[in-house]
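Asker: The structure follows.
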Amino acid sequence: MNMEDTISLKSEWYLEYENGKIVGPLQNYVTATGLNIAAQKLAGLSSPYLVIGDDTAEGDTISEVYRKAVSVVTQSGNAIRLRTVLLAGEGNGQHQKTCIFTDATDTPGSGIMFNLLKVPWAKENQMILTVECRLSLQ
């Protein structure tokens with residue numbers, strides 16, 4: 001995956017008749033308004049948290065070393081931005097994974113992993129860093 005990967009929303013229709021005949025999938029599209037509605041729903045994720053990990057394990061796992069509630073969620077059209085500001089003493093170190101969890105709390109391990117970034121990065125003491133996850137529906 002690369003930084004230009006986006007979330008896609010696939011829409012298919014089927015017609016199933018009483019004699020068992022099925023017609024479909026029928027091709028169609030999600031309107032701009034429909035994408036905006038879906039983006040609004042994603043922007044409304046419950047209790048989003050930024051979770052940072054140092055492990056290199058495969059799969060959808062993380063051995064977390066730091067977590068913080070997302071500072072601000074904004075939505076414009078079909079794009080959502082989840083921004084978290086890490087202050088000088090927060091999230092320092094060499095990291096391998098970064099996630100957004102939903103339905104989370106300050107308790108390590110709480111919540112549901114929504115997405116996962118597997119890219120090494122670092123933050124030093126006395127550095128202020130804004131970490132942003134952008135989601136685009138198309």
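The values are calculated or read from the model by the stated rules, or taken from the named source; none is laboratory data. What you see is a predicted model, and the numbers here were worked out from it, not measured in a lab. As a convention, Cβ positions derive from the backbone with ideal geometry for all residues, glycine included, and neighbour counts pool all protein chains shown. Remember, those area values only see protein heavy atoms, side chains included, never the ligands or the DNA or RNA. Shrake-Rupley method; radii C 1.70, N 1.55, O 1.52, S 1.80 Å.
Asker: So what are the ³J(HN,Hα) numbers for region 30-35, from phi and the Karplus equation (6.51, -1.76, 1.60; θ = phi - 60°), rounded to whole Hz, Gly and Pro as x?
Answerer: 8, 5, 4, 5, x, 5
Asker: Under a straight-distance cross-link criterion of Cα-Cα below 25 Å, which lysines are reachable from residue 68, leaving out those fewer than 8 residues away in the same chain?
Answerer: Straight-line reach from residue 68, under 25 Å: 41, 97, 118, 123.
Asker: Could you look at region 53-138 and say what percent of its accessible area is carbon and sulfur, using a 1.4 Å probe and all protein chains?
Answerer: Reported share for carbon and sulfur atoms: 52 percent.
Asker: Mind giving me the nanometre distance, one decimal, between the label points for residue 116 and residue 63, set 7 Å out from Cα along Cα→Cβ?
Answerer: Computed distance between label sites residue 116 and residue 63 equals 1.4 nm.
Asker: Would you kindly state the longest site-free stretch of the chain, with sites defined as trypsin sites (Lys or Arg not before Pro) in a DSSP loop (not H, G, I, E, B) surrounded by at most 13 other Cβ atoms within 10 Å?
Answerer: 22-138
Asker: Within region 55-138, which GluC sites (Glu not before Pro) sit in a loop by DSSP and count at most 12 neighbouring Cβ atoms inside 10 Å?
Answerer: Passing sites in region 55-138 are 58, 124.
Asker: Please check: in the Gaussian network model of the chain (C-alpha springs, under 10 Å), which one of 93, 24, 77 has the largest mean-square fluctuation.
Answerer: Highest fluctuation among the options: 24.
Asker: With springs only between Cα atoms under 10 Å apart, run a GNM on the chain and tell me which of 100, 52, 22 wobbles the most.
Answerer: The residue with the greatest mean-square fluctuation here is 22.
Asker: Calculate the dipole size of region 53-137 relative to its Cα centre from +1 charges on Lys and Arg beta carbons and -1 charges on Asp and Glu beta carbons; express the result in debye to the nearest 20.
Answerer: 340 debye
Asker: Quick one: what are the phi-derived ³J(HN,Hα) couplings along region 8-18, Karplus 6.51/-1.76/1.60 with θ = phi - 60°, whole Hz, x for glycine and proline?
Answerer: Once rounded to whole Hz, the list reads 10, 10, 9, 10, 10, 10, 9, 10, 10, 8, 5.
Asker: Could you give each residue of region 56-63 its phi-based ³J(HN,Hα) in whole Hz, using Karplus coefficients 6.51, -1.76, 1.60 with θ = phi - 60°, and x for Gly or Pro?
Answerer: Working through the residues one at a time gives 10, 4, 6, x, 8, 10, 8, 9 Hz.
Asker: Next question, about the same structure. So how much slack lies between residue 88 and residue 130, counting 0.36 nm per residue of separation and subtracting their Cα-Cα distance, in nm?
Answerer: Difference between extended and current length: 14.0 nm.
Asker: Continuing with this model, one more query. Given (1) 1.38; (2) 1.18; (3) 1.31 as candidate values of Cα Rg over 2.2 N^0.38 Å, which corresponds to the one derived from the coordinates?
Answerer: Read-out taken from this structure: (3).
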